[in-house]
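The values are calculated or read from the model by the stated rules, or taken from the named source; none is laboratory data. Being a predicted model, the structure only gives us computed values, none of them experimental. Note that each Cβ is placed from the backbone with ideal geometry, even for glycine, and that neighbours are counted across all protein chains shown.
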Amino acid sequence: MTKLSIIMFSGTADKLMPVGVLASAAAGLGYDVEIFATFWGLLALKKDSPPPEVSKDYGPIGEMFKKVMEEKNMPSFLDMLREAKEIGNVKIYACAQTFDMMGLKKEDLVDIVDDVIGAMEYLEKSKESDITLFI
Amino acid sequence: MTKLSIIMFSGTADKLMPVGVLASAAAGLGYDVEIFATFWGLLALKKDSPPPEVSKDYGPIGEMFKKVMEEKNMPSFLDMLREAKEIGNVKIYACAQTFDMMGLKKEDLVDIVDDVIGAMEYLEKSKESDITLFI
Amino acid sequence: MTKLSIIMFSGTADKLMPVGVLASAAAGLGYDVEIFATFWGLLALKKDSPPPEVSKDYGPIGEMFKKVMEEKNMPSFLDMLREAKEIGNVKIYACAQTFDMMGLKKEDLVDIVDDVIGAMEYLEKSKESDITLFI
């Protein structure tokens with residue numbers, strides 16, 4: 001079984017999108033997918049999170065990208081992750097260290113989060129993966 | 001055969017450089033190299049792209065870095081990718097999703113782009129890699 | 001033997017922390033860990049480096065994160081790397097290209113740096129890894 005492991009660290013709109021796209025594509029191919037949401041990436045999974053901003057590194061082109069995404073009515077990264085979970089074996093884990101640091105509770109997070117696990121447990125899962133990415 | 005797969009997502013000068021350096025080094029070692037250019041990374045492969053900026057995260061040190069790179073007359077990431085393609089088996093793919101979203105045409109891109117492929121096709125290539133990176 | 005390879009490229013406080021956390025966790029699990037410090041990541045290993053800033057991409061939430069880290073008295077990424085080296089087989093390499101470009105000397109770097117090596121040598125080490133990340 002092919003496995004894709006993603007550490008979802010970033011919380012900007014432009015970097016959350018490839019997490020959704022890659023998870024969907026991998027689920028469609030029948031891969032196992034494991035996502036470890038940490039830091040900004042975990043905050044983006046809070047129920048009351050504001051819509052993510054595009055990275056400031058790209059200035060006005062960033063704003064243009066945002067507009068194109070809205071005009072093309074592209075699905076949000078959350079919708080893409082939801083869809084990926086529907087079609088395949090996609091697990092989303094919240095990083096225990098970030099979870100504690102931010103004083104989060106399980107019910108603060110969107111319902112697609114499967115569990116809260118530590119970095120050690122994630123590494124043990126991730127080491128069998130064919131593709132490992134830090135996004 | 002050893003294989004290096006890079007998702008070239010970022011478009012800042014500081015992050016494009018390691019793509020060029022790693023592709024050159026891997027080609028020099030005789031590795032197969034596959035680069036999937038997406039989002040900002042794909043925009044950096046447009047023929048009329050302005051020279052990329054350094055990430056804003058590093059403030060004045062970023063400007064210093066840019067100056068050092070110019071003074072030392074370092075090759076651009078495009079020159080490094082060109083050189084890597086000359087010495088080894090280096091393929092550069094444009095992400096179909098970004099391609100469509102931005103309304104790009106093949107002739108808008110520099111001549112080192114080999115093909116336009118989707119995320120699924122890329123994953124299928126990437127899963128056999130020894131080293132997978134998201135840059 | 002399981003092996004984790006990290007290219008430590010970024011130099012912001014938020015991205016240096018996961019390098020420390022993952023290296024510690026992997027060392028605790030008995031993995032071999034190899035870190036290749038390049039660009040901003042290498043500058044963060046200079047003896048006289050100012051404390052790293054949080055990425056500008058997250059605005060006021062970034063500042064909040066910094067405050068939480070201070071209040072919780074979290075160890076710095078350097079302390080985490082030091083601890084990881086004490087408990088396991090953790091090697092930290094400085095990127096030769098950045099080293100030359102910035103005119104660095106070995107004594108400019110903190111004492112946890114094991115050696116200065118080029119990108120080719122790093123790739124040759126990294127290709128045997130189970131998990132490869134660019135952070």
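Here are the numbers for the structure shown:
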quantity	calculated
Which numbered condition C:Gly11 misses (of (1) part of a loop (DSSP other than H, G, I, E, B); (2) more than 21 Å from B:Asp57 (Cβ to Cβ); (3) modelled with pLDDT of 95 or more)	(2)
Residue list for the stretch B:73-100, filter: assigned to a helix (DSSP H, G or I), closer than 30 Å to A:Lys72 by Cα and in contact (Cβ under 8 Å) with a residue 40 or more places away in the chain	B:Gln97, B:Thr98, B:Phe99
Contacts under 6 angstrom Cβ, first residue in the stretch B:44-72 being within 30 Å of B:Lys105 (Cα to Cα) and in contact (Cβ under 8 Å) with a residue 60 or more places away in the chain, partner surrounded by 10 or more Cβ atoms within 10 Å (Cβ to Cβ) and small (Gly, Ala, Ser), 6 or more apart	B:Leu45/B:Ala37
Hey, B:Lys15 within 10 Å of another protein chain (Cβ to nearest Cβ), over 19 Å from C:Ile6 (Cβ atoms) and out of contact with any Cys (no Cβ under 9 Å at 6 or more places or on another chain) or not	no
Matching entry among C:Glu71, C:Glu86 (being at pLDDT 95 or above and among the charged types (D, E, K, R))	C:Glu86
Condition met for B:Thr132 (part of a helix (DSSP H, G or I) and buried (at least 21 other Cβ atoms within 10 Å of the Cβ))	no
Any hit, the stretch A:74-81, residues being surrounded by fewer than 23 Cβ atoms within 10 Å (Cβ to Cβ), modelled with pLDDT under 90 and either within 21 Å of C:Ile61 (Cβ to Cβ) or within 14 Å of chain B (Cβ to nearest Cβ) (or both)	yes
Pairs, first facing chain B (nearest Cβ under 8 Å) in the stretch C:109-134, second surrounded by fewer than 16 Cβ atoms within 10 Å (Cβ to Cβ), C-beta under 8 Å, six or more apart	C:Met120/B:Gly28
Residues being more than 16 Å from B:Gly118 (Cα to Cα) and either touching a His at 6+ places or on another chain (Cβ under 6 Å) or touching a residue at least 60 places away in the same chain (Cβ under 8 Å) (or both) - total across the stretch A:14-30	2
Which numbered condition A:Glu70 fails, given (1) surrounded by fewer than 23 Cβ atoms within 10 Å (Cβ to Cβ); (2) not polar (S, T, N, Q); (3) not in a helix (DSSP H, G or I)	(3)
Complete set of residues in the stretch A:22-48 that are closer than 12 Å to A:Leu133 by Cβ and at the interface with another protein chain (Cβ under 7 Å from one of its Cβ atoms)	A:Leu22, A:Ala26
Of all residues making up the stretch A:87-107, the number that are more than 13 Å from chain C (Cβ to nearest Cβ), surrounded by fewer than 17 Cβ atoms within 10 Å (Cβ to Cβ) and over 15 Å from the mean Cα position of the chain (by Cα)	4
Meets criteria (modelled with pLDDT of 95 or more, among the hydrophobic types (A, V, I, L, M, F, W, C), touching a Lys or Arg at 6+ places or on another chain (Cβ under 8 Å) and assigned to a helix (DSSP H, G or I)) for B:Ala23	no
In the stretch C:29-53, residue surrounded by the most Cβ atoms within 10 Å (Cβ to Cβ) [restricted to those that are assigned to a loop (DSSP other than H, G, I, E, B) and acidic (Asp, Glu)]	C:Glu53
Residue check, A:Leu4 facing chain B (nearest Cβ under 8 Å) and either crowded, with 24+ Cβ neighbours inside 10 Å or within 23 Å of C:Ile61 (Cα to Cα) (or both)	yes
Hey, A:Asp57 surrounded by 23 or more Cβ atoms within 10 Å (Cβ to Cβ) and of a type outside the set (A, V, I, L, M, F, W, C) or not	yes
